[in-house]
Amino acid sequence: MKKTDVKWLVDCLIFVDFCSLLAVGLILAFAFSEGGGPAAAASRYFLWLHKHQWGRIHFYLAMGLVVLLPIHLSFNWTWIQNTFKGYFGERWSKALAVLSAAWIGVLLVGWLVSFIR
């Protein structure tokens, strides 16, 4: 298989995974009622799957994206470097490091906020 074929396959898988992740996230957000009582007990299922089953599907789709994105980045690393060189000149490596640190910071804040709920 050629490198371009593998890149195309990885990009298609990322697209399908992300769209599925979005759809399941919308199902989790809007198909299930909050609170208790008989109405909430009846609405714990959507398309014959329990809310926790949808959550598990959402988790596995997210893990698939976590696996696919580094592969995608590795295939496009030269383009990323050249783009940063075009925007930032000689400071491109520092700019890339700052962007990476910011992204890790966002993930860390999101993870910490999940414990507050």
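The values are calculated or read from the model by the stated rules, or taken from the named source; none is laboratory data. As the structure is a prediction and not an experimental result, all values here were calculated from the model. Cβ sites come from the backbone with ideal geometry, for glycine too, and all protein chains shown count toward neighbours.
Summary of computed values
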item: Pairs where the first residue, in region 10-26, is in the same structural domain as ARG56 (by TED's automatic domain parsing) and of a type in the set (S, T, N, Q) and the second is part of a helix (DSSP H, G or I) and buried (at least 16 other Cβ atoms within 10 Å of the Cβ), C-beta under 7 Å, 6+ apart; result: SER20/LEU61
item: Given (1) small (Gly, Ala, Ser); (2) surrounded by 10 or more Cβ atoms within 10 Å (Cβ to Cβ); (3) more than 19 Å from the chain's Cα centre (by Cα), number of the condition GLY105 does not satisfy; result: (3)
item: Complete set of residues in region 52-94 that are surrounded by fewer than 15 Cβ atoms within 10 Å (Cβ to Cβ) and charged (D, E, K, R); result: ARG56, GLU90, ARG91, LYS94
item: All positions within region 82-117 that are over 23 Å from LEU69 (Cα atoms) and of a type in the set (Val, Ile, Thr); result: VAL113, ILE116
